[in-house]
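Worksheet: the structure to be examined is printed underneath.
No lab work stands behind these numbers, since they all come straight from the coordinates. Small disclaimer: the values here were computed from a predicted structure and weren't measured. FYI the Cβ positions are ideal-geometry reconstructions off the backbone, even for glycines, and counts take in every protein chain you see.
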Amino acid sequence: MADIQCSICGKKNPANTAVCQNCGASLSRGGESIQPGQEPTRKTTSELEQGLPTWLRDARDQRRQSSDDEVQLPSQPSSFPPSSLSGMDLLAGLQSQSDDDDEEIPDWLSNLTGDAGASKKSQPGAVENRRVELGGPSKPAREPEDELPSWLASLSASPAAADDRGKKEQSPADDASAVSPFGAFADIEPPTQAEEAGADWLTSLQSDASISEDAVGSEAGAFASVDLPDWMKADETPAPAPDTDVVTSDWLKSLDGQVAPETSSAPGLSEPVTDAADWLKTLDAAEGPSVPAPAAAETTDFDMPDWLKSMGDAPAAAPTPAAAPEVSADADFFMPDWLKGADEPSAAAPSAPSAPEPASAATDFETPDWLKGIEPTAVNATAAADFDMPDWLKGADEPAQPQTPSADFNVNLPGWLKSAKVETGEPAKAKPFAAAEPSAPPEPSGPVFVPAFTDFSMEEASVIDTPDWLANLGKTPEPSNLPTPETSMPSPIPEDMDSEFTSEPLAGDLDALFTDMPDWLNATSMTPSASGQQPSADETEAEKLSPASLPSWVQAMRPVDTASNPLDAAAGETMETRGPFAGLQGVLPSATYLGASSKPKSLAIKLQADDEQQNQALLLEQIMAAEAHPEPMITPAGVNSQRILRIAIFVLLLAVVTGAIFMGTQIFPLPLGRPAETMAAFNIVDTVIPPDAPVLVVFDYEPALAGEMEAVAAPLLDHLVVKNHPRMALLSTSPTGAVMAARMFSGPLGELPAIQYVNLGYLPGGLSSVRAFAQDPTHTLVLPPDVSVFNLAPASVWASPTLQGVQSFSNFAAIILITDSVDAGRTWIEQAGPLRGSAQFVVVSSAQAGPLLQPYYASGQINGLASGLYDAAVLEQNNAGRPGTARRYWDAYSLGLVLILFLLAGGALWSLAANLRERIASKEAG
Amino acid sequence: MLISVDLITGALSFLFTVLIFSYLLGDNPLFRIGSYIFVGVTAGYVAAVAMWQVVYPQLLYPLVYGSMVDRILVFFPLLLTGFLFMKISPRTSYLGTPAMAYVAGISAAVTVGGAVLGTIFPQTLATIDIFDLARANSPFASLVSGVIILVSLVGTLAYFHFGARVTSDGTLRRFVVIELLSWVGRISIAITLGVLFAGVLLASLTAFIERIASWSIFFSSF
Amino acid sequence: MKVISAAFAIAFGLLVLAGYFIPALAPIQAVLIKWAGILLAVSALIGVFNLVIVHGEKIRSREKSNAYSTLLLISLLLTFVFGLALGPGHPIMQGVVNGVILPVEASLMAILSVTLLYAAIRLLRRRVDVMSVVFLLTVLLIVALSLPFAGIPLLGDVLRPWITQVWAMGGARGILIGVALGALTTGLRVLLAMDRPYGGK
């Protein structure tokens, strides 16, 4: 035969090898990975021995060593010598965990090993989840209080002890041992003749085991071609009679008894099952050199877990493959479902952890004692649903198809399994490993053994009852559906199991655990429903496995055929060679996630806002909402009355003033009062200003009050001009000041002859330039205001004879400021006042500015102040009534004042009354 | 027939007076026409005045007809004027900031100097001098007047003092003396504002009378 | 640019302020203030130019009140052109002032009398407290005392001056001092660059 190239490392291996001799990976047929729908190739278990992880091998060795120290009792988990935890020996970690009773075991592991509760171990022979003792059938059963994994402990302990143990929480060691049945296969050695001599557990298999053809066939095929591990070889010695009180691997014992004469049938077991249980495969090869269970337990050079060792010790109390062909109806026994008969579904009760009855393990077929107690329980069913079982385990969950083992069966079985004869014709029901369905108690019609290590077909494997621990690995798939990794593998992995797996780098052998499935398991999973096996009537819905429900991690570990998937091949992605993703391409590098052990921090999606922010947000929302709703304008009541009142006032005022102006009446006398400030201004003009003196007259008012200002300033200027004939310089800080000045001298003062004045023009900068003019007037204003395109270079204004002798501000004899605003008057007083020297400062202001300019007069900053038409009237009285503007306006002014007075008084009283009326009304209204 | 300027001016005056008086009836197109024309004429006149009485005599005339010293002195304001024209465009507006800063600084200084030397000191001294009874014509009247003026003055200043402290019940209250003076100042301010209001009212009445009188002159010219 | 602006304001402002107290700096003060006056006049020109742009944009974009903007621009351009051509002192320009500017401003002031009277009448309807009553009584008194009561000399010679020169004096002086203090504070803030009304922070 052509050499088989390993798909992992690429090394060529002999054709008859199932496990790569270099990396330990499973060598599938033609080096191809399993494709969906493809039936797995049967492998020899012994060939897969090398695929066992190191820790599993170590564990088995230790178990063998410790089993020497145990005679009657199942080996203690603590009896495991400290195994040298090699790289990928998964079971090696069992030692460290075996002493810890408080460690948790995953559900899927518990399902593998059977329920830790009392459900499994309640009654002898009850079909409940039993722990499979992969050790020799001669291995003594373990004590309940052993710190073995429960599933291992249950295999070796008595039924009562198994009950107690089952009630206990499964120890992590149990979990450890149960987590990776693959690990158990890593160290499986080809069965030897010694094994074939008949380990007790194998002997029990022969008599009691009811192995489903499907489940076992493939596995048996695998096991047939795989040498048994040493510990299994040691167990192949004749086992003692089965002890109902001992949880031993009766199914193994029975197998041993059945398979013993069929040592050479190992090749027959090499059905196309890729991931056959290596350990089971190796069992076949190790049948020859198999040693009795106690002897196997005493063997120190095997990495054998306690449960395996106990299987070797169990024969002390459990039937050996040779001596106890009947499968004891020991409820403590773990029996793979595929090893069970048709009563597996009825034996497993997922909804009732205590449902599985040991008797169900031996109902319609000679179920080994250890298989009888194996029933999927509710817990296991639940746990089975939680984890993903590998294909090879799920295959075992398929309904066991009761089938009479064929003659070929005996041919392909290893010797130790061949000795486990099927004594009953009742077909053994193959129960998938992941089956959560309760298996009905097997009919006590005798042990029905369907050897798992023969060259089973899928149909044959279906009759094999799968042990509970296998049945609880996952959901019960439909017979027509292949189990999927997602549903067949347990998802929850306890921490201790994690430590088991992460504490040591996994050797390449471990890859085989996840990539290879024992043949007997594959055969179980691949068994079509056409085998004719009918599920037990007692099988509940919960026990049914969903078709193609492989756990996700099993699916992920399923090798991808690059040839069939050109995309992956074309991507040129690297293939993972290590770790659980071995054989897969395109996976994320595991190194990236190393150390990423922290759970991602959960972030609150709710906006974190305090009360104030929420209130503000609410306010903003209200504002925005209000923007969308136009509010009707509330027109205040009385809008027409307001306009009517205004019009009435205007009309009255217009009538009065127009009548007085147009009629030219002079009814009202001029005021008799002589305000002091007004008279002071008049006196300055009259007596203080010398004749022909330069006088600065500042026209700093707006056209709005030109009438009032002209009325007030005209008498004073008229008196000044008439009395003193001054040389006046006209100045303005307003652009329209020059026009106002011209208006003044062309209007009220138009009748005066030859007034000497010069217009200095517009002082730019507003009031800020007053200081500059006061500081240096000759350089502040140079050109006259009549410059134009026709007169671009007029002479300097200061060269005019009118301003002769005027070089500074203080040269003026008087400064007459005519202004209508307080600011202008204040600015001139503040800026120019300190620089006027001896010049008289007279301010002629409007009535609106007079009260605020009064303090300046009181402080002496100005020498005279005349404001308003009242003072204009006073000035005109002192100027012989000239020019008469005030007189002309006085009657209208007086009538207007009277009207204002009456309107103001009457209106105020009316408003006051209305207000009080509203207040009273509002108070009465409450 | 020559139309005198005065006739045109009178007509325009009457027209615009009516246009503005129409505002008493509410906002209407006549009022808007009169106000928009007023703004345009005022802006044009101010621009013309600024050109002929500031820009040309202060900036251009020295460059053309001035001496070298005048030309040197006019360089800086000419430069600042150029920067100030950058304010027209938003993109170059930042270049006019120094010119505006110069004007702001000058104005602030003038204001500070005038306020201190022209108002605060003289008015304070004047308030003090009221109590110089030796120079008063009527000491008693002067004294009474002085007291009234002083109390009114202090009360007015206290009214605009907003420094307060938190009492035990959490409310803000000013000092008791300040509160009392503030109350007195409130009365004084009311009287002062009443006087000012009356003055404005009288001034506006005078303006009203002047307008009517201009109508009279206009109509009498026909 | 912000630093230069602040430096300009501070340096020249302090120089001008120093001229108030140091007579030797008076000529410099005068020159600096003169230059400021020139710039203020130029800023008035810039304001007129901006007015043209704004209303021109209104006309170009055919906004709702573009007809009024058209009137404004026409009157502005005509006045400016005539003013440039004839000079501000030309009789035509004076006629423009006397015919348009003065009547409008005076009319607005005349309407103010009606508005103020109306407001004074409705004052007590809106608010009745010590200040409003005192205010209104003062107005009535001043108005009444402004009437030429020829037969009652006390009213015009004694009472009116006593109110305006004594009772109103304190308040007026207090207002003047308060305004001066406020102007002082504002000016110092500008000189110290604490406030920058010319732009920049």
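Does anyone have the angle between helix B:5-21 and the longest principal axis of chain B? Alpha-carbon axes, 0 to 90°, nearest 10? Here the helix axis deviates by roughly 50 degrees. The ranking of A:E918, A:E924, C:E105 from fewest to most other beta carbons within 10 Å of each one's beta carbon is A:E924, A:E918, C:E105. Axis angle, to the nearest 10 degrees, between helix B:139-159 and the longest C-alpha principal axis of chain B: 70 degrees. For the range C:160-182 versus the range A:889-926, the spacing of their alpha-carbon centroids is 27 Å. Principal-axis analysis of the Cα atoms of chain B puts helix B:176-220 at an angle of about 30° to the longest axis.
Taking the Cβ of each residue in B:I88, C:I10, C:I121 as the centre, tally the other Cβ atoms inside 10 Å and list the residues starting with the fewest.
B:I88, C:I10, C:I121
Once you average over the residues of B:58-67, how many Cβ atoms of partner chains fall within 10 Å of each Cβ? Don't skip to the end; give the middle numbers.
Numbers: counts 11, 3, 1, 6, 1, 0, 2, 3, 1, 0.
Counting Cβ atoms of other protein chains within 10 Å of each residue's Cβ and averaging gives 3.
Under 5 Å from the amide H of A:N13 lie the amide H atoms of A:I4, A:Q5, A:C6, each residue being 5 or more positions distant or on a separate chain, with H modelled from the backbone and absent for Pro and chain starts. Counting only other chain Cβ atoms within 10 Å of each residue's Cβ, the peptide C:52-60 averages 1. The spacing between the range B:128-179 and the range A:755-798, judged by their C-alpha centroids, is 45 Å. The H on the amide N of A:Q756, modeled in the peptide plane, is under 5 Å from the matching H of A:M728, each at least 5 residues off or on a different chain.
Determine the sum of side-chain charges near A:A693: Lys and Arg each +1, Asp and Glu each -1, restricted to other residues whose C-beta is under 15 angstrom from that of A:A693. Residues close to A:A693 contribute a combined charge of +1.
Neighbouring Cβ atoms from other chains, within 10 Å of the Cβ of residues in B:72-84, number 3 on average.
Classify the range B:130-222 as rounded, prolate or oblate from the Cα gyration tensor: take a ≥ b ≥ c as the square roots of its eigenvalues, call it rounded if a/c is under 1.5, otherwise prolate when a/b beats b/c and oblate if not. Cα axes put the range B:130-222 in the oblate bin. When B:T127, B:T119 are sorted by how many other C-beta atoms sit within 10 angstrom of their C-beta, beginning with the fewest, the order is B:T127, B:T119.
Backbone amide hydrogens, once placed in the peptide plane, bring A:L817 within less than 5 Å of A:V698, A:V842, A:V843, A:V844, excluding anything fewer than 5 places away on its chain.
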